[in-house]
Structures are given as structure tokens and as C-alpha cells.
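Encoded as C-alpha cells, the structure appears first; notes follow it.
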Amino acid sequence: MTNENITSVLTEKRTFAPNTDFINQANLIKKEYERLLWKSGTDFEGFWAELAEKNIFWFKKWEKILEWNEPFSKWFIDGKTNVSYNCLDRHLKDKSNKPALIWIGENKEKRNLTYRELFVEVCKFSNALLKLGVKELDRIVIYMPLIPEAVVAMLACARIGAVHNVVFGGFSKEALADRINDSKAKIVITADGGYRRGQIVPLKTNVDEALKKCSSVEKVIIAQRTKNKIEIKSDRDLWYHELISNLPADNPAKELDSEHPLFILYTSGTTGKPKGILHTTGGYLLWTTITSKWIFDLKDSDVYWCTADIGWITGHSYAVYGPLSCGATVLIYEGAPNYPDWGRFWEIIEENKVNIFYTAPTAIRAFMKTGDEWIKKYDLSSLRLLGSVGEPINPEAWMWYHKNIGKEKCPIVDTWWQTETGGILISPLPGVIVTKPGSATFPLPGIFMSVVDKNGKEVKPDEGGFLVITKPWPAMLRTIYGDDERYKQTYWKRIKNAYFTGDGARKDKEGYFWLLGRVDDVIKVSGHLLSTMEVESSLVSHPFVAEAAVVGYPHDIKGEALCAFVVLKQSANTDHHLFSEELKNHVSKEIGPVAKPDQIKFTESLPKTRSGKIMRRLLRDVASGKQTLGDTTTLEDVSVLEKLRAEEEE
């Protein structure tokens, strides 16, 4: 972590108030929002008790709200509940025949599962796991494509008290082996294969290779998806459909302690082995339920689509647990946003009359690049609310989303949170908050956050600093699995008496939070600490630019200089040399000469993870002329890096 404060140079004056029609039907209105803020500030534990009592089914009520021994917390102590019960059983009386899942396959297959049907599938698979000897606290790895069986597997583990560890289906056999070994998993649930842009991802083959390095796994359960040829080890491998046949369609949900571990989810650090983030039952369930109601304004008639894979925390919290706990209809899609063409998302929205759409800024910027013709082919009038997740959304992408997808009538909830936080912590509330493009607005009621300097002192308005959380919250991670010391050092030793998020931020004079990206992505240029996100926002504000990534590289005079990798819109037809100077001057005019890039490199695409995040570490290597040494297994398309290298050598 750097010692100086971050210089924030981006300004944004546009504002958008909720429209009257939305306010009149919103789940959370201003008067109640203000009451919740007051309650959380004056009676912190009473605030959480009220929410837990109203929103979660408990087999047994808690004895105590919070036990806080920094940095370790316990919530709703001695309370008994079950996440699977809250997502399924409690809806059967009123929502038995309501669609719980709408599944769309990459090849345009479609399956609907009602709450009753999903309940039956989960009970059968729970019984299958019990039959295989799975006990409470056993770790189960789920390595699957985004198919209904993956959601069933998660809910079945939660039902019987097993701890699931979902590994994204795009991860390599090496990454899979690391996660199996670290969690000491007993069972792996996978599929014969998955589809990705028309190709079969050999999931079972990857499992076979990974298990050559793993000793803890006793059984492998295989869902049939692609019917590609795979090897079956008769003493270890079991077909999912054969396993659940003839098993009872009921399985009583276990009454689990509020602090019973629910899942481990691995998040990669920039260096070192992945961190196994451990989340528990009661507090996590409460916060994902509440935030789904407040932020997405979920209604009984809504079709809700979060585009994240369940291999990421967004898929856990806002494609599975939060919305299903609210009794929503959730759409999940197996494929990529641009396969077979760039109209795929909009086609799905039109055909399924999607009302709420939650996606990543990187996807939004990719859609910007392709132009508006794909959008104009489809009827998006069913949409009533849009969301953004994954990284800060720059103002111009926000405006494009607002105008082209929302047709200037849909509120946008720009959300900030992390794998570690369990759920959204900063977000507009769509019936309450006046939004500013590019700002995640305010922390939610019950969440206490600040922007501080290296000594933990709050910085002045519009000064950049380090984003910290100053009070515990129910959905917070409990530790890094098997490594309490790493948990303390990573999150609690940087700033005294606060959780260090690793992100830079600033608060404006009205208290709005502006995220500046990872502290690792702050560059010191001529004595100024600049957020790369703000320079990227300036570049993308040029009408010809679709996407940009800015990194630092060593400079003899400045210490570090800025190198911008720029993707142009398809409609742009410019001389790169002349346009490079135009872009540099554009940045200088927009946010000041100190932020003017020394180099601009034009590229057709940027290296991204399979969740859509730009891998700036790899771009830093390219800009500095270094050989790439780090892990590249999470890259969506390795050829992007190869093309960048080739361009450098020309």
C-alpha cells in the first residue's frame, strides 16, 4: 500500500433522480430508508435484529446478535436456520408453481423449473450426497457449466450442511487442483463438458488430470451436458442422472447454526496462492436477501437476470441465494454475450421479457464498441431496472447504458462489493437516491465506510484515499479458510480498527462515493498518485473510443509514465498516429496535463478474465517490455496477449 494520498481528477456534474412512477412502487421508499439509517446509527444491533426477524425463517431464534473480537465476528449466535429452506421450502405454499429458474443454453435450449420442481431436484440430490456418506462440514467442489444442476448442487450442499466450493468452469486443471487440495474436498461434482462459443470445454477431462495431484477426493459425480466422450473410472465416477433416480423427492433441511460454514470461494491475489474466502449461513443469507429486495426492487412478477456465472461471488449472491430467498424468477444463461452474435443478450431479454438486468461494465463497454445496430433489432421495453457490477463503471459507459439499454427510463444501480463482503455494500437505492454517472453513491443502511489516509484519518471531500469499513456486517467473510493469520494480515493490519478493502476512493462534497479501482492500479506520475480508472474514463469519453486500459511503466524522468491501450469503436476510421495525439490532448483537456498518457497503443481487444475483468498486470508487462511470468490460466482468450506481443515486436 502506498503512503501518499491519491490525486482524484475526474469530475461529473450530471444527476438523475428516480422518476415518480418508480418511486410509487419501490420496495424501499425515502421515509423508510431514512428510518433505517437512523436505526442503524442509534441501535446497531437492534437494526440487524429487526431485519433478521422480518426477512429470514429461523428454526430457532438467536440468543445474541453479535460477538465481535476484531477481526473475528459471529452473528445471530445460537440461531438455527438453513439457506436451502429459505430459498425453497418457505415458498412452496404460495409459489409452488411459479418459475424459480429459467435456464437458457448456449445452443438456445430452454428449461424452466418451478419452485416445486427445484425443491424436488434439490431433495433428490441431497439424498444422493447423504447416500455417498457426505456429512456436515465435508467440502464439495462444484466444477460445472452454468446449468440447473449446478444450482441444484449448491442448494443441496446447503441443505445438508456440506460446504461447497464452486470452481468456475473456465478454470484450468491446475487451478482446479489447487482449490481441491486447499479445501481438502471429498467429492467433485462436474459435467462431461460445457459449451463456450460453440466449443466443448472438457470439464471431466480436466477433473481427471487435476485429480492426479489430489488425494482427498473419493467420488466424482458427472452431469450429462455435451455427451462428448469421457473416461469413466468405475470405482470413483458416478453419473448424476443415475445417482438421483429412484431417490425420495423429500429431504428435511438440517437445522444449522447461524455460523455454520456455507461455502468457500477462492479469489486470486496478484501473487501467491488463491485465498479461500469463508462465508457462513445466517448473516450471509440475511444480507443477500435484504440487498436483493432493496437494490433490485424485486417484485413477484419480475424476471430477473444476473449475467454472472455461479463460479463468481456475484453468481452465488445474486444469481442464486439472494433472489431465490426472495422468491424471484431467476434467469441463467450458459453462453457468452457475443455468441453466436452480439445480439444474444438482447434476444434473451426480448424473448423472456426480462425486467431486471445486472451485468458488468466490461460487457457494457464491449457492447458500445459494436455500435447500436444490434440493440435496435430487439424490443427491450420489458426492462425496468439495470445494474452494474464487477468494477467501477465510467460515466460515458453509464450514459450509454442509460440511453441505449434503459431507454432513459430505467434506474441504474451501480454496485460496489467484493467476494469478501458477501453482498453489495455501496449502491443507489432505485426509489430513493439521486444518481450520478460513475458513482456507486452511498453505503447501504447498516454499513459504515470511510475514505482515509495511510494513518486511518478521514480525508477531505474530493481527496482520494483508501476505502475502509469501520464496523462489522453480517455477510462479511469469517476468515481465509485454514489461514487466520493471512486473514488478519491481508484485511486488518493495513489500517487500524478497520477492514481494508484494497480499493481507492473519494467522497465528494455531497457524500457520494467514487471508486478509483484497486490501490495496486494507482500510478505515481511526477509525484502525483493517479487512479488508472479516472484516466480510462477520460479516454472512453471520446466518441471514437469503446474501451481503454491504462497502466504504468518505468520512466527516467517521471518515475512512472502512463501507457494507454485503446480499443476503438467499429465506426471509427482514423489515422492512428494523428489520433494518438488527439487522444492525449483530449485527456489533458478533460482532467489535466498530469494525466496525459505518454504512449497510446491501439488494439482490437484487451486481455480479460472469463468474468470480464481486464488483466492490467499483463498489460504492465507488455508496456514495460517484460516477459509475462504470472498465471494466465484465467484469461478468456490467450490469443489477445499474443497479438499484443506481436504488435510490440513490429
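The values are calculated or read from the model by the stated rules, or taken from the named source; none is laboratory data. Only a predicted model underlies this, so the values are computations on that prediction, with no experimental measurement involved. Counting neighbours? That spans all protein chains shown, and the Cβs are built from the backbone with ideal geometry, glycine included.
Quick test of your reading of the structure: Thr190 fulfils all but one of (1) surrounded by fewer than 24 Cβ atoms within 10 Å (Cβ to Cβ); (2) touching a Phe, Trp or Tyr at 6+ places or on another chain (Cβ under 7 Å); (3) of a type outside the set (Asp, Glu). Name the failing condition by number.
(1)
Pairs under 8 Å by beta carbon, first residue more than 15 Å from Glu391 (Cα to Cα) in segment 531-547, partner of a type in the set (Gly, Ala, Ser) and modelled with pLDDT under 85, six or more apart or different chains?
Qualifying pairs under 8 Å: Ser538/Ala595; Phe544/Ser571; Phe544/Ala572; Val545/Ala572; Ala546/Ala366.
List, please: which pairs have Cβ atoms under 7 Å, are six or more places apart or on different chains, and start with a residue in segment 587-602 that is at positive phi and end with one that is surrounded by 17 or more Cβ atoms within 10 Å (Cβ to Cβ) and not in a helix (DSSP H, G or I)?
Sorted first by the residue in segment 587-602, then by its partner, the pairs are Gly592/Val9.
Does any residue in segment 27-48 that is within 27 Å of Asp302 (Cβ to Cβ) and without any contact (Cβ under 8 Å) to a residue 40 or more places away in the chain come within less than 9 Å, Cβ to Cβ, of a residue that is surrounded by 14 or more Cβ atoms within 10 Å (Cβ to Cβ) and not charged (D, E, K, R) six or more places away or on a different chain, and which pairs are these?
Glu32/Val432; Glu34/Val432; Arg35/Pro445
Quick check on Leu176: is it modelled with pLDDT under 95, surrounded by 22 or more Cβ atoms within 10 Å (Cβ to Cβ) and closer than 30 Å to Lys108 by Cα?
So Leu176 passes the test.
With respect to Lys496, is the statement that it is in contact (Cβ under 8 Å) with a residue 60 or more places away in the chain and among the charged types (D, E, K, R) true?
no
State the number of residues belonging to segment 570-623 that are modelled with pLDDT of 80 or more and hydroxyl-bearing (Ser, Thr, Tyr).
Looking only at that region, the number is 3.
Go through segment 18-57 and report how many residues are farther than 22 Å from Pro472 by Cα and among the aromatic types (Phe, Trp, Tyr). Explain how you work it out, then say what you get.
Pass one, segment 18-57, residues farther than 22 Å from Pro472 by Cα: 18-32, 57.
Subset that is among the aromatic types (Phe, Trp, Tyr): 22, 57.
So the count comes out to 2.
What pairs come out if I take residues in segment 617-636 that are β-branched (Val, Ile, Thr) and pair them with residues that are at pLDDT 65 or above and not in a helix (DSSP H, G or I) whose C-beta lies under 6 Å away, six or more apart or interchain?
Sorted first by the residue in segment 617-636, then by its partner, the pairs are Thr633/Ser172; Thr634/Thr609.
Looking only at residues in segment 222-231 that are assigned to a loop (DSSP other than H, G, I, E, B) and under 31 Å from the mean Cα position of the chain (by Cα), which one is surrounded by the most Cβ atoms within 10 Å (Cβ to Cβ)? Show your work before the answer.
First, pick out the residues of segment 222-231 that are assigned to a loop (DSSP other than H, G, I, E, B): 224-231.
Next cut, under 31 Å from the mean Cα position of the chain (by Cα) only: 224-228.
Numbers: Gln224: 16, Arg225: 23, Thr226: 18, Lys227: 9, Asn228: 15.
Among them, the one singled out is Arg225.
Can you tell me which of (1) in contact (Cβ under 8 Å) with a residue 60 or more places away in the chain; (2) out of contact with any His (no Cβ under 9 Å at 6 or more places or on another chain) is the one Lys64 doesn't meet?
(1)
Which one is surrounded by the most Cβ atoms within 10 Å (Cβ to Cβ) among residues in segment 232-270 that are of a type in the set (D, E, K, R) and out of contact with any strand residue (DSSP E or B) (no Cβ under 8 Å at 6 or more places or on another chain)?
Per the stated criteria, the residue is Lys254.
Counting only residues that are of a type outside the set (Gly, Ala, Ser) and under 22 Å from Pro395 (Cβ atoms), give me the strands (runs of 3 or more DSSP E) lying completely in segment 534-625 with at least 2 of them.
545-555, 559-568
Answer yes if at least one residue in segment 335-358 is closer than 30 Å to Phe171 by Cβ, touching a residue at least 12 places away in the same chain (Cβ under 8 Å) and within 15 Å of the chain's Cα centre (by Cα), and no otherwise.
yes
Output the residues belonging to segment 233-271 that are β-branched (Val, Ile, Thr) and touching a Leu at 6+ places or on another chain (Cβ under 9 Å).
Ile264
Anything in segment 359-368 that is closer than 12 Å to Pro337 by Cβ and assigned to a helix (DSSP H, G or I)? List them, or say none.
Thr362, Ala363, Ile364, Arg365, Ala366, Phe367
Failed condition for Leu211, given (1) in contact (Cβ under 8 Å) with a residue 40 or more places away in the chain; (2) of a type in the set (A, V, I, L, M); (3) out of contact with any helix residue (DSSP H, G or I) (no Cβ under 7 Å at 6 or more places or on another chain), with all others met?
So Leu211 meets the others, but not (1).
Give me the pairs: first residue in segment 173-201 and under 13 Å from Thr226 (Cα atoms), second residue aromatic (Phe, Trp, Tyr) and surrounded by 20 or more Cβ atoms within 10 Å (Cβ to Cβ), beta-carbon distance under 6 Å, and six or more apart or on different chains, which are they?
Listed pairs, sorted by first residue: Thr190/Tyr143.
Please list, ordered by residue number, the strands (runs of 3 or more DSSP E) wholly in segment 45-141 having 1 or more residues that are out of contact with any Ser or Thr (no Cβ under 7 Å at 6 or more places or on another chain), of a type in the set (A, V, I, L, M) and farther than 15 Å from Thr280 by Cα.
Result: 99-104, 110-114.
Give me a count of the residues in segment 432-457 that are at pLDDT 95 or above and touching a helix residue (DSSP H, G or I) at 6+ places or on another chain (Cβ under 6 Å).
Residues in segment 432-457 being at pLDDT 95 or above and touching a helix residue (DSSP H, G or I) at 6+ places or on another chain (Cβ under 6 Å): 3 in total.
Considering each residue of segment 495-520, count those that are more than 22 Å from Pro71 (Cβ to Cβ) and assigned to a loop (DSSP other than H, G, I, E, B), and give that number. Even if it seems obvious, please write down each step before you answer.
Step one: of segment 495-520, the residues more than 22 Å from Pro71 (Cβ to Cβ) are 506-517.
Okay, now just the ones that are also assigned to a loop (DSSP other than H, G, I, E, B), so 508-512.
So the answer is 5.
So, in segment 416-475, of the ones that are closer than 20 Å to Gly504 by Cβ, more than 21 Å from the chain's Cα centre (by Cα) and among the charged types (D, E, K, R), which residue ends up surrounded by the most Cβ atoms within 10 Å (Cβ to Cβ)?
Looking at residues that are closer than 20 Å to Gly504 by Cβ, more than 21 Å from the chain's Cα centre (by Cα) and among the charged types (D, E, K, R), I get Lys436.
I'm trying to understand the selection: among the residues of segment 289-314, which are part of a helix (DSSP H, G or I) and without any contact (Cβ under 8 Å) to a residue 60 or more places away in the chain?
Listed by number, the list holds a single entry, Ser292.
A quick yes/no check of all residues on (1) in contact with a helix residue (DSSP H, G or I) (Cβ under 6 Å, 6 or more places away or on another chain); (2) crowded, with 24+ Cβ neighbours inside 10 Å; (3) at pLDDT 95 or above:
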position: Lys110; (1), (2), (3): no, no, yes
position: Lys124; (1), (2), (3): yes, no, yes
position: Ala128; (1), (2), (3): yes, no, yes
position: Leu132; (1), (2), (3): no, no, yes
position: Met144; (1), (2), (3): yes, yes, yes
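Taking segment 48-81 only, how many residues are in contact with a Gly (Cβ under 8 Å, 6 or more places away or on another chain), aromatic (Phe, Trp, Tyr) and more than 30 Å from Gln489 (Cβ to Cβ)?
Result for segment 48-81: 2.
Could you check segment 236-275 and list, in sequence order, the residues that are assigned to a strand (DSSP E or B) and modelled with pLDDT under 95?
Across segment 236-275, the qualifying residues are Tyr266, Thr267, Lys275.
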